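Below: one structure, written as structure tokens.
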Amino acid sequence: MAETITADMVIHDVVAKYPATVKVFHGHGLPCTACAVGARESVSGGARTHHFSPEKLEILVKDLNAAANGEPTSITPKKAPVGRGVPLTMASSSPDRKIKNVIAVMSGKGGVGKSLVTGLLAVSLRRQGQQVGILDGDITGPSIARMFGTKGSPTKSAGGGIEPLRSKGGIKVVSMNMFLEKESDPVVWRGPMISSAIKQFYSDVEWGNLDYLLVDLPPGTSDAPMTVMQALPLDGVIIVSSPQMLATMIVMKCINMVQQMKGTIVGVVENMSYFQTPAGERFEIFGPSNGTELVSMTGAPLLGALPIDPALATLCDAGRVEEYYSEPYEELAADFVSTLKIQR
Ligand SMILES: Nc1ncnc2c1ncn2[C@@H]1O[C@H](COP(=O)(O)OP(=O)(O)O)[C@@H](O)[C@H]1O
Ligand SMILES: [Mg+2]
């Protein structure tokens, strides 16, 4: 069939006319369809923004036409989530699962902003009216409770389980800090105990009905990520990276681990991508973005490139992360939700 979609067409118009093309845009790492601004660009403009080579653009246009005509594309269909391990006592595999989406946030390295991305993704999803919980799987270095300013210990629920704490905005939070006498007490546990704590945080906590349970993980590929991959009914993983991190190949180890364990990478997030001055000038402090490489390494879309914002650190330290609002994070949440819908 003759090509009906050309590179100079506006993304929004293409998607409106041929809904099947959304998958192709996302599969090629272009989340523009979900972005109010990006969708007004032409296909070639969107490709330029995401640093596509002319060859890649050509393949994209070919795939768009194939999808519009109901033909196969070069994008391999996403496998159904197979990271589901041993069902635990709650939720899990029953058709009327109380927790609709269990998503883990991982990265190979510490300090790249996993916890921050987890926290702010939860905040944005909550603003959209979703029921959200955060399971802080970083047992020895928990940071979620502090970010949200949730104080006190969780109580026993009517059903005999653990009642999670609630943030001011209504996000349910469970973190190891809540079980310590003093926040500064160290948790000196070995792997099996850490695994057991994570499992209990999932199965013994009365999460209730949730649209999203986000699991924040410690860095690396150790016991905690393994437990989450094997023992939780995981629907997908978000990989967080930063521009200079790719060079270290640590993020690759993490991606390989998820792939080896047959997990589904929902998307990648590049944090600390740039710093923007109040006048709007951008500086790529940690080097140029490598979002495109991340996309080709994972086959998953780039959900967002987030700026460095000094205001964030202050709000997080004060337990007021929910007061933060910034467009890139709202776009991240929108892209995340639409990507999950497409992958289903
Ligand atoms: N985009 C950002 N802008 C400003 N500060 C950030 C950003 N991302 C992370 N930080 C800060 O960097 C530190 C490490 O982030 P964190 O989310 O705890 O990393 P991780 O969980 O990967 O170890 C925190 O103090 C956090 O507030
Ligand atoms: Mg962390």
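The values are calculated or read from the model by the stated rules, or taken from the named source; none is laboratory data. Just so you know, these numbers come straight off a predicted model, no measurement behind them. Neighbour counts run over all protein chains shown; Cβ positions are idealised from the backbone, glycine included.
Miscellaneous remarks
- Looking only at residues of the range 97-116 that are under 13 Å from Thr221 (Cβ atoms) and assigned to a strand (DSSP E or B), we find that the one that is nearest to ligand 1 (Cβ to nearest atom) is Met106.
- Failed condition for Lys168, given (1) away from ligand 1 (no atom under 16 Å from the Cβ); (2) in the same structural domain as Ala300 (by TED's automatic domain parsing); (3) modelled with pLDDT under 90: (3)
Conditions tested, residue by residue: (1) outside any strand (DSSP E or B); (2) buried (at least 19 other Cβ atoms within 10 Å of the Cβ).
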residue	(1), (2)
Leu213	no, yes
Pro219	yes, yes
Gln244	yes, no
Cys254	yes, yes
Val268	no, yes
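- Of the criteria (1) crowded, with 19+ Cβ neighbours inside 10 Å; (2) within 14 Å of ligand 1 (Cβ to nearest atom); (3) outside any helix (DSSP H, G or I), which one Ile285 fails: (1)
- Top-ranked residue of the range 292-318 - restricted to ones that are under 28 Å from Met261 (Cα atoms) and in a loop (DSSP other than H, G, I, E, B), ranked as nearest to ligand 2 (Cβ to nearest atom): Ala300
- All of (1) away from ligand 2 (no atom under 16 Å from the Cβ); (2) over 28 Å from Phe286 (Cα atoms) hold for Glu183 with one exception: (1).
- All of Leu165, Leu125, Leu121 fail the test of being touching a residue at least 12 places away in the same chain (Cβ under 8 Å), under 20 Å from the mean Cα position of the chain (by Cα) and away from ligand 2 (no atom under 16 Å from the Cβ), apart from Leu125.
To keep it simple, each residue is scored yes or no on (1) at pLDDT 90 or above; (2) buried (at least 24 other Cβ atoms within 10 Å of the Cβ); (3) in a strand (DSSP E or B).
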{"residue": "Val237", "(1), (2), (3)": "yes, yes, yes"}
{"residue": "Ala247", "(1), (2), (3)": "no, no, no"}
{"residue": "Ser273", "(1), (2), (3)": "yes, yes, yes"}
{"residue": "Ala279", "(1), (2), (3)": "yes, no, no"}
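- Within the range 70-113, being touching a Ser or Thr at 6+ places or on another chain (Cβ under 8 Å), at pLDDT below 50 and over 21 Å from Lys262 (Cβ atoms) holds for Thr89, Met90.
- Checking the stated criteria, Gly133 turns out to be away from ligand 2 (no atom under 13 Å from the Cβ), in contact (Cβ under 8 Å) with a residue 24 or more places away in the chain and in contact with a Lys or Arg (Cβ under 6 Å, 6 or more places away or on another chain).
- Residues in the range 187-201 include none that are part of a strand (DSSP E or B) and among the aliphatic types (A, V, I, L, M).
- Among residues of the range 299-344 being farther than 29 Å from Pro19 by Cα and in contact with a strand residue (DSSP E or B) (Cβ under 6 Å, 6 or more places away or on another chain), the one that is farthest from ligand 1 (Cβ to nearest atom) is Pro307.
- Extreme residue, nearest to Asp211 (Cα to Cα), among residues of the range 137-176 that are surrounded by fewer than 22 Cβ atoms within 10 Å (Cβ to Cβ), touching a helix residue (DSSP H, G or I) at 6+ places or on another chain (Cβ under 8 Å) and among the polar types (S, T, N, Q): Ser143
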